[in-house]
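Peer 1: Please see the structure below; I have some questions.
Just so it is clear, none of the values below were taken in a lab; they were calculated from the coordinates. If you're wondering where the values come from, they're calculated on a predicted model, not measured in any experiment. Note that we place each Cβ from the backbone using ideal geometry, even for glycine, and neighbour counts take in every protein chain shown.
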């Protein structure tokens with residue numbers, strides 16, 4: 001049996017670097033493709049015009065990222081305004097005021113919620 005284990009370890013030792021190498025190649029191809037496909041717009045307009053432009057009409061060649069950047073910042077600020085006080089107040093309540101019974105019931109739920117990726121919360125609204 002030890003020979004099978006060494007064989008598996010040897011196989012994994014060769015497979016993992018090969019997988020990492022191919023992942024790097026795929027990433028390089030993706031970056032190269034994105035650069036190649038975006039070259040026409042980058043030669044036509046300056047990056048500053050792209051970042052500060054406000055119209056998004058791809059069929060006419062007008063690309064402005066400002067509304068997207070602004071909405072991302074606003075959503076992030078709104079999420080922080082809602083989440084930071086709630087999380088701090090919850091932590092203070094659980095650590096200072098909650099009974100042991102409440103704490104023992106709520107802390108596993110918080111740990112469970114912390115283990116769920118935020119994308120899943122976004123799917124369900």
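Peer 1: Residues that are more than 30 Å from residue 35 (Cβ to Cβ), touching a helix residue (DSSP H, G or I) at 6+ places or on another chain (Cβ under 7 Å) and free of Cβ contacts under 8 Å to residues at least 40 places away in the same chain: find the helices (runs of 4 or more DSSP H) completely inside region 47-116 holding 2 or more of those.
Peer 2: Details: elements: 47-52, 66-92, 100-114.
Those helices (runs of 4 or more DSSP H) span 100-114.
Peer 1: Considering only region 34-46, state which residues are surrounded by 11 or more Cβ atoms within 10 Å (Cβ to Cβ) and either touching a residue at least 40 places away in the same chain (Cβ under 8 Å) or not in a loop (DSSP other than H, G, I, E, B) (or both).
Peer 2: Residues satisfying the conditions are 38, 41, 42, 44.
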